[in-house]
1. So if I check each of Val85, Val112, which one is surrounded by fewer than 19 Cβ atoms within 10 Å (Cβ to Cβ), more than 21 Å from Ala149 (Cβ to Cβ) and among the β-branched types (Val, Ile, Thr)?
2. Mind listing just one residue for me: the one in the range 70-112 that is in a helix (DSSP H, G or I) and among the hydroxyl-bearing types (Ser, Thr, Tyr) and, of those, farthest from Pro59 (Cα to Cα)?
3. Take Ala93 and tell me if it is within 15 Å of Arg24 (Cα to Cα) and buried (at least 17 other Cβ atoms within 10 Å of the Cβ).
4. So which residues in the range 58-82 are farther than 20 Å from Pro105 by Cα and either without any contact (Cβ under 8 Å) to a residue 24 or more places away in the chain or surrounded by fewer than 17 Cβ atoms within 10 Å (Cβ to Cβ) (or both), if there are any at all?
5. Among the residues of the range 41-90, count how many are among the β-branched types (Val, Ile, Thr) and more than 30 Å from Val140 (Cβ to Cβ).
Amino acid sequence: MRATPEASHDDDDGGPAPDEYLIRADYALSGGDGCIADARRHALAFLDQAEADYPLSVPARTRDLTQLVVSELVTNALKYAPGPVLVELRITARVVNVVVWDSDPTVPAARVADPGRIGQHGLEIVKAITEALFVEQQPVGKCITARIALTDTPSSGTARR
């Protein structure tokens, strides 16, 4: 994992602007045994480093949601796309962004909720627990970004879902 502090442009209070990335980290996953667990460990290490290096607190709820989102998005990428999976984590004073790139250009779609269906609920879960979910087609593959609030309570948009 490579963590990089972002250039700081202070706001009027002397701290970073709320939407400015404080730190980001990226890593590649080969798809071997244990890589989903490795991705979750990388996410926790990233959040620990952000807390240690910057004046912010990452609530337990955000830690849990970040691990869940990383797990679901990486699982989908490994299941449906050939080749490597790239993960980038970014944090601001307000949110954690989980970005997953894979080589399949197909834009995923959440299926209609069906409590009787076994499996294939990952995207439904990610959409339900995040503030926003973006899918961007790339020249090769796609990039999915999930935004998770750094608060203990869900945002009004998330709570409505």
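What follows is calculated from the coordinates using simple rules that are stated; it is not laboratory data. Here the structure is a predicted model, which means the values were calculated and not measured. Every residue, glycine among them, receives a Cβ derived from its backbone with ideal geometry; neighbour counts consider all protein chains shown.
1. Details: Val85 fails: surrounded by fewer than 19 Cβ atoms within 10 Å (Cβ to Cβ).
Sole residue among the options that is surrounded by fewer than 19 Cβ atoms within 10 Å (Cβ to Cβ), more than 21 Å from Ala149 (Cβ to Cβ) and among the β-branched types (Val, Ile, Thr): Val112.
2. As a first pass, look at the range 70-112 and keep what is in a helix (DSSP H, G or I): 70-80.
Adding the requirement that they be among the hydroxyl-bearing types (Ser, Thr, Tyr) leaves 71, 75, 80.
Details: Ser71: 19, Thr75: 24, Tyr80: 32 Å.
For the range 70-112, the residue satisfying everything is Tyr80.
3. Details: within 15 Å of Arg24 (Cα to Cα): yes; buried (at least 17 other Cβ atoms within 10 Å of the Cβ): yes.
Yes, satisfied.
4. Hits for the range 58-82 are Pro59, Ala60, Arg61, Arg63, Asp64.
5. The initial filter retains those residues of the range 41-90 that are among the β-branched types (Val, Ile, Thr), namely 58, 62, 66, 69-70, 74-75, 85, 87.
Filter once more, so that each one left must be more than 30 Å from Val140 (Cβ to Cβ): 58, 62.
Total satisfying the criteria: 2.
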